[in-house]
1. Report, in degrees rounded to the nearest 10, the 0 to 90 angle that the Cα long axis of helix 196-208 makes with the longest principal axis of the chain.
2. In square angstrom, what is the accessible area per residue of the stretch 115-220 with a 1.4 angstrom probe?
3. Amide H of LEU63: which non-local residues (sequence gap of 5 or more, or other chain) have their own amide H closer than 5 Å, using H built in the peptide plane?
4. Using θ = phi - 60° and the Karplus curve 6.51 cos²θ - 1.76 cosθ + 1.60, what whole-Hz ³J(HN,Hα) does each residue of the stretch 268-279 get, with Gly and Pro shown as x?
5. On the first, second and third principal axes, largest extent first, how far apart are the outermost C-alpha atoms of the stretch 69-121 in Å?
6. To the nearest 10 square angstrom, what accessible area does VAL49 show with a 1.4 Å probe?
7. Using only Cα atoms and rounding to the nearest 10 degrees, what angle (0 to 90) does helix 101-113 make with the longest principal axis of the chain?
8. I need the shape label for the stretch 212-282. Rule: rounded when a/c is under 1.5, else prolate if a/b > b/c, else oblate, with a, b, c from the alpha carbon gyration tensor.
Amino acid sequence: MKLRQTLASALALAATLSIALPAQAADWWPFTIVPDGPDKKPMEPIQYVPLEKASKKWNLCVLFPHLKDSYWVASNYGIVDEARRLGVRAYTFQAGGYDQLPKQLSQFDDCLASNPDAILVGAISEGGIAGRLKAGMDKGIPIIAVANPIYDTPITALITTDHRQKGFLSGKYLVEALGPDGGKVVAFPGPQNSGWAETYQKGFEEAIKDTKVELLETKYGEAGVAEQLTLIEDALQTYPEMTAIWGGAPTAEAALGAVAEAGRDDIKIVSSWEDQKMPDRIKEGQILGFSAEYPVILARIGVDLAVRALEKKPIDFLAANPDVRVLRATPGMVSKDNIDKVDLTQIYAPQDWQPVFDTN
């Protein structure tokens, strides 16, 4: 009951915060952020405002799981654009997928060997990379985790979202879309052992608890369209009674072709996160909605946090609360009801953006 009340309160907060419209992409602040307190409970929201400029051209090494979908491409854009605005250098390694932990570990070693001033990391898994994080921190290098959670391993700061709330928001929206008669859903939360996928799933299960929506199966898998397509095709054969699909952006994209091929245009699709094609899919009625976490903004704040750590300029809130190191962007649900009101520059890179691996 306590968890349900907490998520319900978070849902109400998201409704009030999810459509914050800055004047333009280059003027993205202030942005509402909810810090985790020392007791890991949400604190009062703060308005995040970045530094005007860095005091010198710091070198920031960036590690991504991959750049094969628009989520991490948007993150690349946010980091590059903010690095240029602040006047620092950002150079990027990408591992190629969530099944490429050994490569990310090797790239972390390369990153350390390059003697960076700070490291920004989207970790493939916290447990898998924990030893490298400790090595970096032992060298006195500030480490900022961006998007993917690192909760138990000591780092400088984490800028992320509430993945459980995202699962809850998108799950609640699916329950409402299915109506009073409910339905039967297969869930595709993402790569197992990534940490965030399991957390999405917990929020989703909380949303459908005590409703007429039945969870037939949870299928974990790599966050790629091809991999998700295989899982969906298997589910369509195994569960002909399935009436809904819930999962990440690659799941939603793969589902469109799979349900069309199967002649199942009655299946409702809701996504727990976003990709570049999602707004058009919503406007066309192919996907009902997605819960947004603003990857461009997370990346921008990650760069600013790194510079603040290097220049000993903590935000006022953190200066008064040194044990607080987790900041979260409040997710919001995007659907046909509000798609024309959401500032998409907070979520997506420009249409013509190509990944930049070194701002130097």
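The values are calculated or read from the model by the stated rules, or taken from the named source; none is laboratory data. As the structure is a computational prediction, the values presented were derived from the model and not from experiment. Glycine also receives a Cβ, built like all others from the backbone with ideal geometry; neighbour counts cover every protein chain displayed. Each accessible area value is taken on the protein alone, full model and side chains, heavy atoms only, with ligands, DNA and RNA left out. Shrake-Rupley method; radii C 1.70, N 1.55, O 1.52, S 1.80 Å.
1. Roughly 40 degrees, rounded to the nearest 10.
2. Value for the stretch 115-220: 36 Å² per residue.
3. Distant-sequence amide H within range of LEU63: PHE93, LEU120, VAL121, GLY122.
4. Running phi through 6.51 cos²θ - 1.76 cosθ + 1.60 with θ = phi - 60° gives 8, 10, 10, 10, 8, 8, 10, 9, 5, 8, 4, x Hz.
5. 33, 29, 10
6. Ignoring ligands and nucleic acids, VAL49 comes out at about 70 Å².
7. Helix 101-113 sits at roughly 20 degrees to that axis.
8. rounded
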